[in-house]
Amino acid sequence: MEFVQGFLEKNYRQVENVSKNPDDRGYDFTARNGKKRLKIEVKGCSHPWGIPDLYFTEVAKSPKRLVADYLYVVYFIGRKSPQICKIPRKAIKSEFFSLKRSYRISGRFKNKRMLGPFME
């Protein structure tokens, strides 16, 4: 997130991290140059050409499309400098989305008290 924020601040006049704002679900940043406001979702990946799965809040249901204007995938490959792949919403056609059902471990478990005994 910090890497992308720095990148955006170099290229846009106004950048805001909205990832924790419940009114801006489906994207992590807004960026402005003048009147145009872009919504940007960020994912990090350590596999070349990989794209991490999206949360249900990041995909509009009908038609299936990215909520954000852009999906930025930041590739952290080995010791190379991070690279950003800036994918526009229109490039990801509806046919490329597939619903995946999975379980998520609750945030109530993900804390020092619960996980501390297992740290090495």
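Looking across region 8-40, just one residue is assigned to a helix (DSSP H, G or I), in contact with a strand residue (DSSP E or B) (Cβ under 6 Å, 6 or more places away or on another chain) and in contact (Cβ under 8 Å) with a residue 12 or more places away in the chain, and that is LEU8.
Does LYS20 satisfy the criteria of being more than 14 Å from the chain's Cα centre (by Cα) and either open to solvent by 70 Å² or more (accessible area, probe 1.4 Å) or among the hydroxyl-bearing types (Ser, Thr, Tyr) (or both)? No, not satisfied. When only residues in region 65-101 that are farther than 21 Å from TRP49 by Cβ and without any contact (Cβ under 8 Å) to a residue 12 or more places away in the chain count, which is most open to solvent (accessible area, probe 1.4 Å)? This residue is ARG101. In region 12-38, what residues are out of contact with any Ser or Thr (no Cβ under 6 Å at 6 or more places or on another chain) and closer than 19 Å to ALA91 by Cβ? Within region 12-38, TYR27, PHE29, ALA31, LYS36, LEU38 qualify.
A count restricted to region 41-84 and to residues that are assigned to a loop (DSSP other than H, G, I, E, B), within 11 Å of the chain's Cα centre (by Cα) and not aliphatic (A, V, I, L, M) stands at 3. Among the residues here, MET114 qualifies as aliphatic (A, V, I, L, M), open to solvent by less than 100 Å² (accessible area, probe 1.4 Å) and more than 25 Å from TYR12 (Cβ to Cβ).
The values are calculated or read from the model by the stated rules, or taken from the named source; none is laboratory data. In this text the structure is predicted, and so the values were computed from the model without any measurement. When we count neighbours, we look across all protein chains shown, and the Cβ atoms used for this are built from the backbone with ideal geometry, even at glycine. To get the accessible areas, we keep the full protein, side chains included, count just its heavy atoms, and leave off ligands, DNA and RNA. Shrake-Rupley method; radii C 1.70, N 1.55, O 1.52, S 1.80 Å.
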